[in-house]
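**Student:** Pasting in a structure now, in structure tokens, and then I'll have a few things to ask.
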Amino acid sequence: MKRLFKTLQGLWSLAVGLKITGVELFKPWLTVHYPRQEVDNLATFRGHIELVPAADDPQTPRCIMCWKCVEICPSRCISLRLHAVGEGAEAGDPGLLLAPELKSPYSAHLPPPPDKIERVLDSYRLNYSLCSLCGLCVQSCPVEAIRFSRNAYLVGTTRQDFDLDLLARLRNPVDAPRPPGPRPPT
Ligand code: SF4
Ligand code: SF4
């Protein structure tokens, strides 16, 4: 009698499992067959940060080089370099470093006050492998010059693959999300 009860119990458990499987089998799919298909609901996706272009020039960042994002980042994963116009970057050297608190490594003099000089952004890098996507940099930027990208397809095999040159990406958006739909044949 005990054995019969255990058998019936097992059969009932099997029937319940098969019922759940059958119901789920005919529900719409929530996943896609990447890379043959891609999702189209990336509006709220929070990818790595990216630079926002100026309104009148998509190749120029809106960034005013105020350093706030660098200072507030708890993971220390943002770094930027800049130079003053006429201070040598065009001639091939890195130019005068103009973080307000820094002296020029090429001169014994302090740099001129930041509001008296024209600055050019040479490099804006993100070590994405350290980023926690906390959003403090985006929130603290006074001119909304950085935002979260919708790059959901960033992959790499080494840590260096996530050392992102955001200035280069702004000028050559190789990883910009493509429109949804099947990929073109390669
Ligand atoms: S999202 Fe947070 S951790 Fe990532 S770069 Fe910005 S401040 Fe740093
Ligand atoms: S906070 Fe904004 S404007 Fe200031 S350096 Fe960062 S990205 Fe540029």
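Only the coordinates and a few stated rules stand behind these numbers; no lab work does. In this text, all values refer to a predicted model and were calculated from it rather than measured experimentally. Note: ideal-geometry Cβ built from the backbone for every residue, glycine included; neighbour counts use all protein chains shown.
**Student:** Counting other beta carbons within 10 Å of each residue's own, what order do R46, R119, R3 fall into, fewest first?
**Tutor:** In order of increasing Cβ crowding within 10 Å: R3, R46, R119.
**Student:** Taking neighbour counts of Cβ atoms within 10 Å as a proxy for exposure, in what order, fewest first, do Y128, Y153 appear?
**Tutor:** Ranking Y128, Y153 by Cβ neighbours within 10 Å, fewest first, gives Y153, Y128.
**Student:** A follow-up question, please. Take the Cβ-Cβ distance between A43 and V85 as r, set R0 to 41 Å, and report the resulting FRET efficiency rounded to the nearest 0.05. Could you put the intermediate results ahead of the total?
**Tutor:** Values: r = 39 Å, r/R0 = 0.95.
Plugging the Cβ-Cβ distance into 1/(1 + (r/R0)^6) gives 0.60.
**Student:** Okay, moving on. Between R36 and F148, how high is the FRET efficiency from 1/(1 + (r/R0)^6) when r is the Cβ-Cβ distance and R₀ = 30 Å? Nearest 0.05.
**Tutor:** 0.70
**Student:** Which peptide among 29-36, 54-61, 129-136, 5-12 comes first, and what is the full order, when sorted by highest mean count of other Cβ atoms within 10 Å? Don't skip to the end; give the middle numbers.
**Tutor:** On the way: 29-36: 8.2, 54-61: 12.0, 129-136: 13.5, 5-12: 9.9.
Highest-to-lowest ranking by the protection proxy: 129-136, 54-61, 5-12, 29-36.
**Student:** Along the Cα-to-Cβ line of I72, 7 Å from the Cα, sits a label point; which residues in segment 126-160 have backbone N less than 11 Å from it?
**Tutor:** 135-146
**Student:** Oh, and also: Roughly how many nanometres apart are two label points built 7 Å out from the Cα toward the Cβ at K19 and D122?
**Tutor:** 7.1
**Student:** Please give the FRET efficiency for K27 paired with L133, using the beta carbon to beta carbon distance and R0 = 41 Å, rounded to the nearest 0.05.
**Tutor:** 0.85
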